[in-house]
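J.: One structure follows; several queries about it will come next.
The values are calculated or read from the model by the stated rules, or taken from the named source; none is laboratory data. Bear in mind that the values here come from a model prediction, so they are computed numbers and not experimental data. Backbone-built Cβ (ideal geometry, glycine too); neighbour counts: all protein chains shown. Heavy atoms of the whole protein, side chains included, go into the accessibility calculation; ligands, DNA and RNA do not. Shrake-Rupley method; radii C 1.70, N 1.55, O 1.52, S 1.80 Å.
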Amino acid sequence: MMAQYWSEEQIGRIRARSLEMERAGAVDPEWLQQMVHKKMFKLFVPVELGGTMTALPEALKVFEETAWVDGGLGWTVTIGAGGGFFVPFMEPAICSHQFLPDDAVIAGSGQPTGRAVPAAGGYRVSGSWKYCSGAHHATMFTANVWIESTNPTDEPSIRACIFQPEQVKIVEDWDAFGMKATGSHTIVVEEVFVPEERTFSLAHTYSDYDHPLYHYPFALFAEVSFAALCLGVGRHFLDEAHLMVADKLESFPPPSPERAAGMSKVLERAEAQFEEIQGCFYEQVNLSWQELMDRGELDSPRADEVSRKAKLTAKAIREMADGVFPYMGLLAIMESHRMNQIWRDLQTACQHSSLLIFEGIV
């Protein structure tokens, strides 16, 4: 892969630190600062708020390349940048206050695992939310809650709350076997007051900050973002596999001719698979983006096809890697080896609920 967003020197230093970041459970502050400097957390934030308002296909390339550099960095950027999608749904004055700082970044959850009781001017909120990636470097948190109605006959409704870091307790419970450096911990709030203006709903937008991206279906936005991330980790996996095979071919004693030919053939097929998977994915994304530019919205058939392609992309990349992994020898099963880390990161990324697909199950 030809890097556009990270220099060769940065890539080398990041990869040299990758296993240490995994052990620490966090991305090094230096690289977080670089992401801030490159405005990667503000890809979907308007220029007026210090963002770059990047077209979706280009942003997906940022996610893919960063995940190719390092899976944990790619996940951190993908999640952090995705919070910019909430800009048009927030009350404009609050939005401006929250997003103007250079290091502004959201962590949080879309699961409604909190409850809010109406109070004068807002709500008293309690709850806990799992898997809040980037919890330790977030400048704000968003999480969905059930709003309890004052009328017993009314059904509770769902709204998102904006919490400040000092209102949130972080429970360090992210013990996944991959993407260890992403800090995807649980957050807890207890009887926190949230003013009405610091809540929002994806069903209501403000016109102050409009952009075609914000009309892309949110669920689809998440799916293609994570599929691009999986492509990046998958590309890194193949690159590392080539290095391992080259080492084996130069080792003493060398592998048998049959084994050498077999490993080379496995990688040749995997490369062809990857190129096809990647090309088909971006073809569908580009078509959907062009339709959005032309019509201002996506029709359902197009959205359904892109969703299907995003999920199949992640599935195919994981299956491609799983087909290569057994041929990499015993070194690949050592958790301290880069190949093992990349494989674990890929498995973890592909496990995201937005990529779940049941097609082909009988």
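J.: Scan region 71-101 for residues that are closer than 30 Å to residue 342 by Cα, open to solvent by less than 10 Å² (accessible area, probe 1.4 Å) and not polar (S, T, N, Q) and jot them down.
T.: Answer for region 71-101, where residues must be closer than 30 Å to residue 342 by Cα, open to solvent by less than 10 Å² (accessible area, probe 1.4 Å) and not polar (S, T, N, Q): 71, 72, 73, 74, 77, 80, 81, 83, 84, 85.
J.: May I pose another question? For a quick check of your reading of the model, give me the residue pairs whose first member lies in region 193-215 and is closer than 18 Å to residue 99 by Cβ, whose second is open to solvent by 70 Å² or more (accessible area, probe 1.4 Å) and assigned to a helix (DSSP H, G or I), with beta-carbon atoms closer than 8 Å and at least 6 apart or on different chains.
T.: 202/218; 209/48
J.: Here's another thing I want to ask about it. Within region 138-183, restricting attention to residues that are open to solvent by less than 20 Å² (accessible area, probe 1.4 Å) and in contact with a helix residue (DSSP H, G or I) (Cβ under 6 Å, 6 or more places away or on another chain), which residue is nearest to residue 78 (Cα to Cα)?
T.: 182
J.: Being crowded, with 21+ Cβ neighbours inside 10 Å and of a type outside the set (A, V, I, L, M), is that true of even one residue in region 184-195?
T.: Within region 184-195 (the criterion being crowded, with 21+ Cβ neighbours inside 10 Å and of a type outside the set (A, V, I, L, M)), the answer is yes, since at least one residue qualifies.
J.: Only one of (1) open to solvent by less than 80 Å² (accessible area, probe 1.4 Å); (2) within 24 Å of residue 357 (Cβ to Cβ); (3) free of Cβ contacts under 8 Å to residues at least 40 places away in the same chain; (4) not charged (D, E, K, R) fails for residue 274. Which number is that?
T.: (3)
J.: Let me ask you something else. Determine the pairs where a residue that is closer than 17 Å to residue 338 by Cβ, located within region 1-24, has a partner that is at pLDDT below 95 and exposed (fewer than 13 other Cβ atoms within 10 Å of the Cβ) with Cβ atoms under 6 Å apart, the partner being 6 or more residues away or on another chain.
T.: none
J.: When you check residue 105 against the structure, is it open to solvent by less than 10 Å² (accessible area, probe 1.4 Å), at pLDDT 95 or above and in contact with a His (Cβ under 7 Å, 6 or more places away or on another chain), yes or no?
T.: On the way: open to solvent by less than 10 Å² (accessible area, probe 1.4 Å): yes; at pLDDT 95 or above: yes; in contact with a His (Cβ under 7 Å, 6 or more places away or on another chain): yes.
Yes, satisfied.
J.: Restricting the first residue to region 302-327 and requiring it to be more than 11 Å from residue 284 (Cα to Cα) and open to solvent by 60 Å² or more (accessible area, probe 1.4 Å), which pairs with a second residue that is β-branched (Val, Ile, Thr) and assigned to a helix (DSSP H, G or I) meet a Cβ separation below 7 Å and a spacing of at least six or different chains?
T.: Sorted first by the residue in region 302-327, then by its partner, the pairs are 327/266.
J.: Residues 77, 45, 62: which one is more than 16 Å from the chain's Cα centre (by Cα) and among the β-branched types (Val, Ile, Thr)? Explain how you work it out, then say what you get.
T.: Details: 77 fails: more than 16 Å from the chain's Cα centre (by Cα); 62 fails: more than 16 Å from the chain's Cα centre (by Cα).
Every option except 45 fails the conditions.
J.: So, one more: For region 318-362, enumerate the residues that are of a type outside the set (Phe, Trp, Tyr), within 24 Å of residue 221 (Cα to Cα) and not in a helix (DSSP H, G or I).
T.: Result: 351, 352, 356, 357, 359, 360.
J.: Identify, from the list 336, 353, the residue that is open to solvent by 30 Å² or more (accessible area, probe 1.4 Å), of a type in the set (S, T, N, Q) and either without any contact (Cβ under 8 Å) to a residue 24 or more places away in the chain or touching a Cys at 6+ places or on another chain (Cβ under 6 Å) (or both).
T.: None of the others qualify; the one that does is 353.
J.: Look through region 311-345, keep the residues that are of a type in the set (A, V, I, L, M) and under 24 Å from the mean Cα position of the chain (by Cα), and return whichever of them is farthest from residue 225 (Cα to Cα).
T.: Out of the qualifying residues, it is 339.
J.: Any idea which of (1) on the phi > 0 side of the Ramachandran plot; (2) modelled with pLDDT under 95 is the one residue 134 doesn't satisfy?
T.: Here residue 134 meets the rest and fails (2).
J.: Right, something else. Taking region 247-268 on its own, how many of its residues are free of Cβ contacts under 8 Å to residues at least 24 places away in the same chain and surrounded by 11 or more Cβ atoms within 10 Å (Cβ to Cβ)?
T.: Of the residues in region 247-268, 9 are free of Cβ contacts under 8 Å to residues at least 24 places away in the same chain and surrounded by 11 or more Cβ atoms within 10 Å (Cβ to Cβ).
J.: While we're here: Does residue 359 satisfy the condition of being open to solvent by 70 Å² or more (accessible area, probe 1.4 Å), charged (D, E, K, R) and within 22 Å of residue 276 (Cα to Cα)?
T.: Considered against the rule, which asks whether it is open to solvent by 70 Å² or more (accessible area, probe 1.4 Å), charged (D, E, K, R) and within 22 Å of residue 276 (Cα to Cα), residue 359 comes out as yes.
Here is a yes/no grid of residues against (1) part of a loop (DSSP other than H, G, I, E, B); (2) modelled with pLDDT under 95; (3) aromatic (Phe, Trp, Tyr):
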| site | (1), (2), (3) |
| --- | --- |
| 155 | yes, yes, no |
| 166 | no, no, no |
| 173 | yes, no, no |
| 204 | yes, yes, no |
| 223 | no, no, no |
| 233 | no, no, no |
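J.: Next question. Considering 237, 193, which residue is more than 28 Å from residue 46 (Cβ to Cβ) and outside any helix (DSSP H, G or I)? Before you say what the answer is, go through the steps one by one.
T.: Numbers: 237 fails: outside any helix (DSSP H, G or I).
None of the others qualify; the one that does is 193.
J.: Could you figure out which of (1) among the hydrophobic types (A, V, I, L, M, F, W, C); (2) open to solvent by less than 80 Å² (accessible area, probe 1.4 Å); (3) at pLDDT below 95 isn't true of residue 330?
T.: Here residue 330 meets the rest and fails (2).
J.: Can you pull out the helices (runs of 4 or more DSSP H) entirely within region 8-122 that have at least 2 residues that are among the small types (Gly, Ala, Ser) and touching a Gly at 6+ places or on another chain (Cβ under 8 Å)?
T.: Because the criterion is at least 2 residues that are among the small types (Gly, Ala, Ser) and touching a Gly at 6+ places or on another chain (Cβ under 8 Å), the helices (runs of 4 or more DSSP H) in region 8-122 that meet it are 71-82.
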